[in-house]
Structure formats: C-alpha cells, structure tokens
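Remarks on the structure that follows.
The values are calculated or read from the model by the stated rules, or taken from the named source; none is laboratory data. Model, not experiment: these values are computed from the prediction. Every residue, glycine as well, gets a Cβ built from its backbone with ideal geometry; the counts of neighbours run over all protein chains shown. Accessible surface is based on the protein model in full, side chains and every heavy atom, while ligands, DNA and RNA are left aside. Shrake-Rupley method; radii C 1.70, N 1.55, O 1.52, S 1.80 Å.
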Amino acid sequence: MSTTRPKGQTLALLLLLIALLAPAVLLVAVCGARLDVWSAEFSLGVLAMKVGRALAFAGLAAALAACLLAFRERRLLGIAAAALAISGATVAGYLVQERRFTAAPRDVATDPSDPPAFARILAAERRLAGVSESRPQACEGLTPASTQVAPETAAWALEKAGFTVLGTAPFRVDGRKEGAWFGLTYDVAVRIRPGRTDVRVAGRDDLRAGDEACRLAKAVVAGLTP
C-alpha cells in the first residue's frame, strides 16, 4: 500500500508551516531576550517588529492560499482553518501593538521643570547600560499627588504598579521594573515633599515602546492617592 501523501495535503501543510513562522520567531525573540542571548533592541526592534511582522503577513497570505485549496479539497479544511486562525491572530496582535507603539516620551515626570532625580544605584545602572539621558517630559493626564505620603505608601504604590522597590528614605523611594516579555527596563523615582509627591519614570532602552512610561507613572500616582 502506498503511503505517499497527496500533493494537495503536502502543499496545505507547507502553507500551515509558513503561518507558524511568525509565532515561532516571536518565541525565539522572547526567549533570546530573557536568556540574554541578545539585546532587547535586537529582540524587539529587529526580530519581533521587523522579521516577525513580515512573516505574519506572509503567513496570512499562505493561510488564504490554504483556504483556496480547501475549497477544492474538503479534507484540507482542518489544515486551512488552523492556518487562518493562527495567522489571523498573529496579524491582529501586530496591528494592536502597532497602535500602542506610537511616538511617545520614554522619560516622563509629574514636574518636568524640576523632576525627581534617580538614586545613585539607578543612576549608575543607567550609565552602565549606556542610556542616553534626556529631559523628562509631561504626558497627558499625569499630575503629582497633592499630598505628602509616607515612604511605606510610596513603596506600596510602586509594588502595585509592578516595580521592585530598591530603597526607601524619609523623602524618596526608588524602584525598577523589568518587562516580562522582552526585558525592557523602567526606572522610577518618587520624591516626597510637604503637600506634594512627584513621580518620574524613564525607560532604559532606546526603543519605541509607546506610552508605557506614562502609563506606569500614572499607575504609581494612582497608588499614592487614597
């Protein structure tokens, strides 16, 4: 008995494989970044946002071709459906992320004219990471907490926003947050004064990551206010 796979099925499986390439590249990019095989800039900026994006649309084209094959050979419907579901979800994910990854400041503060300074440990880490420092900017809706909070409250707000607290003092709290996927790092400084508490959040990576710095700063401020 011949066990040769029909040409139509072989082609459909090849098209399914093409649809799987983009998710595979994303997995490799994430694992490489988390294991320090390569930098976050290469992982996110090159592998994920360039190579992966191109493969995602190629996968969608391959899935549509598999659907055309399935119209001719009904037994290929399962393969075509799997390819379309995988590629459709991948392309949709890219489109959603691209809407978030708009140009936005990566260094924001509730008081850009007099921003909180980072603690020495964070400043040293940022220098070692080769961060190109810039003047903090304002972002829409980010305002200081109009109260003098206790350092313990500020530390709790940092932890709630996903930061690791690195140190507390009577008038300041500092922390660091490392992203779960690509390891993008954000530093935070909270400055406590009578009647006012200011927050500064800055990324370490020169990558377009949307309004993540502003979102994190707002999350910290939200935790400071009752």
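Here is how the numbers come out for the structure above:
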{"item": "Any hit, the stretch 118-138, residues being of a type in the set (S, T, N, Q) and at pLDDT below 90", "result": "yes"}
{"item": "Within the stretch 167-225, considering residues that are free of Cβ contacts under 8 Å to residues at least 24 places away in the same chain and over 19 Å from S39 (Cα atoms), the one farthest from the chain's Cα centre (by Cα)", "result": "P170"}
{"item": "Check on V46, β-branched (V, I, T) and closer than 23 Å to D205 by Cβ", "result": "yes"}
{"item": "Index of the failed condition, R75 passing every other in (1) open to solvent by 60 Å² or more (accessible area, probe 1.4 Å); (2) within 29 Å of D205 (Cα to Cα)", "result": "(2)"}
{"item": "Pick from the stretch 80-106, criterion farther than 13 Å from P23 by Cα and open to solvent by less than 30 Å² (accessible area, probe 1.4 Å), ranking: modelled with the highest pLDDT", "result": "A80"}
{"item": "In the stretch 12-56, the residues that are of a type in the set (D, E, K, R) and more than 14 Å from the chain's Cα centre (by Cα)", "result": "D36, K50, R53"}
{"item": "Members of the stretch 26-42 that are over 14 Å from Q97 (Cβ atoms), in contact (Cβ under 8 Å) with a residue 24 or more places away in the chain and open to solvent by less than 30 Å² (accessible area, probe 1.4 Å)", "result": "A33, A40"}
